[in-house]
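What follows is a single structure, written as structure tokens, with notes after it.
The values are calculated or read from the model by the stated rules, or taken from the named source; none is laboratory data. Given the structure is predicted, the values throughout are model-derived calculations rather than measurements. Cβ: placed from backbone, ideal geometry, glycine included. Neighbour counts: every protein chain shown. Protein only, heavy atoms only, side chains kept; ligands, DNA and RNA dropped before computing areas. Shrake-Rupley method; radii C 1.70, N 1.55, O 1.52, S 1.80 Å.
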Amino acid sequence: MLKSNVNSDKDEKVYGLINNALQSMIRQNYGDEKWQQILERSGVPDDSFLTMRSYDDSITYQLAGAAAEVLGAPIETCLEMFGEYWVLETATKSYGPLMDASGRDMVEFLRNLNALHDRITGTFLNYVPPEFEVEDVGENRYRIHYISQREGLVPFVVGLFNGLAKRFDCELLYHNKQSEDVAQGTHAIFEVSVK
Ligand code: HEM
């Protein structure tokens, strides 16, 4: 099971919406049988997928770890794939108007991302969304800060960005990725060009 670089002993909670999206991604791309194998391998109870109920973060990490093992892919690749799926499938299909209202291009969208998560706090009580900050560092060049109480999700964020680049049909180039030392959680900085 994935435990090494994902700190799952804190009792952070996450909404079932996330586990549900992971299940849909696997079923759509690999079929029901693979999903059953992953569910069994993960050992998580099979009622971990009620959208509006919150579950221990560890359940999501166990599912992601089991998916990597069953699919024979590195966990980073699975998390990246899930990030892209989250933007292009889950968020677009279930929250289309909110996504449309959050920006006409990728950079505008990223600048509005905290506001997007704020707008759903009424729906997802006590949820702990991440924070994003966009710094201009030159022509079409930005430093994007991702700040979260969680650890191990940077590949998921890379997938989210790649999904947004597809959504807005723009070219996204990563120049540099670094992580700041923080007492708890993650502060990652991506230097990118968006054209
Ligand atoms: C309308 C679409 C969206 C909805 C409804 C949504 C909702 C959520 C929810 C419910 C969580 C779980 C937090 C928790 O349970 O504590 C979450 C986490 C997260 N969301 Fe969103 N989100 C949306 C779009 C996005 C987009 C477009 C991005 C980035 C490009 C994003 C980045 C993240 C990240 C990175 C997390 C993981 C939590 C963390 O890092 O601590 N979300 N979001």
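Structure notes:
- The angle between the Cα long axis of helix 154-167 and the main principal axis of the chain comes to about 60°, on a 0 to 90 degree scale.
- Contour excess over end-to-end distance, with Cα ends at ASP46 and LEU125 and 0.36 nm allotted per residue: 26.1 nm
- Rounded to whole Hz, the Karplus (6.51, -1.76, 1.60) HN-Hα couplings of segment 125-140, x for glycine and proline: 5, 6, 8, 10, x, x, 10, 10, 10, 10, 10, 7, 10, x, 5, 6
- ASP100 contributes an accessible area of around 100 Å² to the protein surface, as traced by a 1.4 Å probe with all chains present.
- The order of ASP136, ASP56 by accessible area, most exposed first and with a 1.4 Å probe, is ASP136, ASP56.
- Angle in degrees between helix 75-85 and the longest Cα principal axis of the chain, rounded to the nearest 10: 70
- Per-residue packing, averaged as other Cβ atoms within 10 Å, sorts the ranges 140-148, 118-126 into the order 140-148, 118-126, beginning with the highest.
- Compared with the direct C-alpha span, the chain from ALA73 to ASP105 gains 8.3 nm at full extension, assuming 0.36 nm per residue.
- Taking the alpha carbon gyration tensor of segment 118-190, multiplying each eigenvalue by 5 and rooting it gives semi-axes of 22, 17, 11 Å, largest first.
- Sparse packing (at most 11 other Cβ atoms within 10 Å of the Cβ) combined with a DSSP loop state is found for the following GluC sites (Glu not before Pro) in segment 92-195: GLU139, GLU171.
- Sites THR92 and GLU139, calculated FRET efficiency, Cβ-Cβ separation with R0 30 Å, nearest 0.05: 0.55
- Cross-link reach is defined here as a Cα-Cα straight distance under 16 Å, omitting same-chain residues fewer than 8 places apart; for LYS166 the aspartates and glutamates meeting it are GLU80, GLU84, GLU89, ASP100, ASP105, GLU108.
- Accessible carbon and sulfur surface of the chain relative to its total accessible area, %, 1.4 Å: 47
- Per residue value of the accessible surface for the chain (all protein chains in place, 1.4 Å probe), Å²: 51
- Segment 13-75: proportion of alpha-carbon pairs further apart than 20 angstrom, %: 16
- Net charge of the neighbourhood of ASN140, taken over other residues with C-beta under 14 Å away and scored Lys/Arg +1, Asp/Glu -1, is -4.
- Sparse-neighbour loop sites [trypsin sites (Lys or Arg not before Pro); segment 29-112; at most 10 other C-beta within 10 Å; DSSP]: ARG104
- With Cα atoms, 0 to 90° folded angle of helix 16-30 axis to the chain main axis: 80
- Environment charge of ILE38, counting only residues whose C-beta is closer than 13 Å and scoring Lys/Arg +1, Asp/Glu -1: -2
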